[in-house]
1. Among the listed residues Ile39, Ile29, which satisfies the condition of being of a type in the set (A, V, I, L, M), under 27 Å from Ser86 (Cβ atoms) and modelled with pLDDT of 95 or more?
2. Before we move on, is Arg64 within 17 Å of the chain's Cα centre (by Cα) and touching a residue at least 40 places away in the same chain (Cβ under 8 Å)?
3. Residues that are open to solvent by 40 Å² or more (accessible area, probe 1.4 Å) and at pLDDT 95 or above: list the strands (runs of 3 or more DSSP E) wholly contained in the stretch 43-148 that include at least 1 such residues.
4. Does any residue of the stretch 11-19 turn out to be closer than 23 Å to Pro119 by Cα, at pLDDT below 95, part of a loop (DSSP other than H, G, I, E, B) and open to solvent by less than 80 Å² (accessible area, probe 1.4 Å)?
5. Restricting attention to the stretch 76-86, which residues are touching a residue at least 24 places away in the same chain (Cβ under 8 Å) and under 13 Å from the mean Cα position of the chain (by Cα)?
6. Which residues, taken from the stretch 25-42, are over 21 Å from Ala97 (Cβ atoms), assigned to a loop (DSSP other than H, G, I, E, B) and either free of Cβ contacts under 8 Å to residues at least 60 places away in the same chain or under 13 Å from the mean Cα position of the chain (by Cα) (or both)?
7. Of all residues in the stretch 28-42, which are farther than 20 Å from Ser13 by Cβ and either open to solvent by 20 Å² or more (accessible area, probe 1.4 Å) or touching a His at 6+ places or on another chain (Cβ under 7 Å) (or both)?
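The values are calculated or read from the model by the stated rules, or taken from the named source; none is laboratory data. On a predicted model such as this, the values are computed, not experimentally measured, just so you know. Here the Cβ is made from the backbone with ideal geometry for all residues, glycine too, and neighbour counts use every protein chain on show. Keep in mind that these areas ignore ligands, DNA and RNA; they rest on the heavy atoms of the full protein, side chains included. Shrake-Rupley method; radii C 1.70, N 1.55, O 1.52, S 1.80 Å.
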Amino acid sequence: MNIVDIPCTAEGSAHLPSYKTKGAAGADIAARLASPVTIPQGGRAVIPTGLSFAIPDGFEIQVRPRSGLAAKHGVTVLNTPGTIDSDYRGELKVILANFGDEPFTVNDGDRIAQIVAAPVTCARFIKVHTLDETERGKGGFGSTGVLS
């Protein structure tokens, strides 16, 4: 397993990200709220975490949903995977969306998402007049068939 040191500030009672098992790729992050936030069915909310990071150059942090929230309550991270760039120093806030059947309440300290530190490869985009041909070509959504 590769390890990268990422300095992190935690406001007040904010919880540092934590890995719950030895093999976990994602570290859980928790809400830092002065009072509960209820997300209505079909609604969304920006949830603060009280965390800020100094991500090293060449890395990003990806914000991803927690599978338990999605499976049990229909709650997911709306912008997923969200990217925290290495030059951002502000507070990490998570956009949660409620696709469940009832309102969902987020309380202070609730684990709301997970983060994954990942290396970044930057591309050099080169303007050309034509692209090489492939078997798929310009086939878009669903063009490779449907699983049965």
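1. Numbers: Ile39 fails: under 27 Å from Ser86 (Cβ atoms).
Just a single option satisfies the conditions, and that option is Ile29.
2. Working: within 17 Å of the chain's Cα centre (by Cα): yes; touching a residue at least 40 places away in the same chain (Cβ under 8 Å): yes.
So Arg64 passes the test.
3. Numbers: elements: 44-53, 59-64, 75-77, 82-84, 91-98, 104-106, 111-119.
Passing ranges, in order: 44-53, 59-64, 82-84, 91-98, 104-106, 111-119.
4. No - not one qualifying residue is present in the stretch 11-19.
5. If we filter the stretch 76-86 for residues that are touching a residue at least 24 places away in the same chain (Cβ under 8 Å), which is where we start, we get 77-78, 81, 84-86.
Once the filter is applied, which keeps residues that are touching a residue at least 24 places away in the same chain (Cβ under 8 Å) and under 13 Å from the mean Cα position of the chain (by Cα), the stretch 76-86 yields Val77, Leu78, Pro81, Ile84, Asp85.
6. Taking the stretch 25-42 and keeping what is over 21 Å from Ala97 (Cβ atoms), we get 25, 27, 34.
Restricting the remaining residues to those that are assigned to a loop (DSSP other than H, G, I, E, B) gives 25, 34.
Answer for the stretch 25-42, where residues must be over 21 Å from Ala97 (Cβ atoms), assigned to a loop (DSSP other than H, G, I, E, B) and either free of Cβ contacts under 8 Å to residues at least 60 places away in the same chain or under 13 Å from the mean Cα position of the chain (by Cα) (or both): just Ala25.
7. First pass over the stretch 28-42, keeping only residues farther than 20 Å from Ser13 by Cβ: 38-42.
Residues satisfying the conditions are Thr38, Pro40, Gln41, Gly42.
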